[in-house]
1. Taking the stretch 196-228 as the search range and keeping residues that are in a loop (DSSP other than H, G, I, E, B) and of a type outside the set (Val, Ile, Thr), which one is nearest to Leu160 (Cα to Cα)?
2. What is the one condition in (1) at pLDDT 90 or above; (2) open to solvent by less than 40 Å² (accessible area, probe 1.4 Å) that Ser230 does not satisfy?
3. I'd like to verify a number: residues in the stretch 81-99 that are open to solvent by less than 80 Å² (accessible area, probe 1.4 Å) and either touching a strand residue (DSSP E or B) at 6+ places or on another chain (Cβ under 9 Å) or among the basic types (Lys, Arg) (or both), how many?
4. State which residue pairs qualify: first residue assigned by TED's automatic domain parsing to the domain that holds Asp154 and inside the stretch 62-85, second residue assigned to a strand (DSSP E or B) and small (Gly, Ala, Ser) in any location, beta carbons under 7 Å apart, and separation of 6 or more residues or different chains.
5. Look through Arg317, Arg286 and report the one residue that is basic (Lys, Arg) and modelled with pLDDT of 80 or more.
6. Would you please name the residue that is farthest from the ligand (Cβ to nearest atom), looking only at residues in the stretch 26-69 that are basic (Lys, Arg) and under 23 Å from the mean Cα position of the chain (by Cα)?
Amino acid sequence: MTEDPVLVVDKLTKTFGARTAYSDVTFSVGRGEVFGFLGPNGAGKTTTVRSLGTLITPTSGRATVAGIPLEADNAVEIRKRIAIMTEAPGLYGRLSVTENLQYFVGLYHLSDGARRIKDALEAVNLSDRAKDTCNSLSKGLRQRVGLARTLLNDPEILFLDEPTSGLDPVAARGVHDLISGLRDRGVTIFFTTHRLAEAESLCDRVAILNTTLRTIGKPSELREQLFHKSLVVTTAAPLSDPGRVFTGLPGVESWDSEGSDAGRSTPGRSDAAGSDSGGTAPGSYRLAVGDPAVAAPEVVRALVHAGADVLSVGESRHSLEDVYLSLVNEDVEATQR
Ligand code: ATP
């Protein structure tokens, strides 16, 4: 359980007839956290957002949103404390930016509308486009108007469904900056995305959903759970007998040569462990290690002892994308939706 949770989800399930959108999903999100919800197409992300945002009713399970139990009778109270931006920002194209926001201020029965609109436009850096019709704005700017709309009611939790979908890198960066700014103001942000680098750089924690929740944690924790620590070693030429160099070294659990057969021990040459001076292509090896700081000096010493010209020894870094692909690729269902 997260400290000071603002969102608690307990065994939540949603089915549409025979089709299960998501099943038995349990997690919590802390106040002020940026929480990323990842998963392949059809994994149930949007349906989860719509359920937590009171737009559809879950089939079973429980949840508490902004401290209020997710029940039909509480929908209005919950909606006062949250905001949702679906993939399309849902604006009236022929109305100006301000007119759109005025419409939503009225719809939400918010007091002090002029101040709220001014603050929201300033927050998304759109004050100078307030009089323009939404039809005349680029997709990136319309997305920012959509974000301004979500800020009108000063939400505790902001649900953003693929907020950077279809945006160019500069416009996406603008949305990232906004998310960071909102986090600094204490807003809890729950967002779905297919951009793994974006989740990795913005999120305190991520969850990977594929109908059921596959994993949840800080990106760095997920990398460590799934992958051994490893060192990548390159030498000026392939080692003629890498097994003799690496096997049994303190801290080295196993090794493999990267790429081609370069470095595999050559029959009849058991005397030569050092680099094969006849070759010009570099040798590359991946070593599974317990602690890179312990293993790396041992590896360098062994390579030098074997007469190898060492080009580099570095810790290999796995990205959140590696974690995601390792979890989702093995799932046959995910590739059939
Ligand atoms: P994407 O990344 O493609 O947006 P998603 O993870 O958001 O996908 P959902 O849109 O939540 O996935 O869909 C989950 C499953 O629920 C899909 O199989 C979808 O067809 C199904 N589903 C969603 N809404 C409905 C509905 N109103 N009626 C029937 N099935 C639905």
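1. Going through the qualifying residues, I end up with Cys203.
2. (1)
3. First, pick out the residues of the stretch 81-99 that are open to solvent by less than 80 Å² (accessible area, probe 1.4 Å): 81-86, 88-91, 93, 95-98.
Next cut, either touching a strand residue (DSSP E or B) at 6+ places or on another chain (Cβ under 9 Å) or among the basic types (Lys, Arg) (or both) only: 81-86, 93, 95-97.
So the answer is 10.
4. Leu70/Ala63
5. Arg286
6. Selected residue: Arg31.
The values are calculated or read from the model by the stated rules, or taken from the named source; none is laboratory data. Here the structure is a predicted model, which means the values were calculated and not measured. All Cβ positions, even for glycine, are placed from backbone atoms using ideal geometry, and neighbour counts span all protein chains on display. Calculation scope for accessible area: heavy atoms of the full protein, side chains included, ligands and nucleic acids excluded. Shrake-Rupley method; radii C 1.70, N 1.55, O 1.52, S 1.80 Å.
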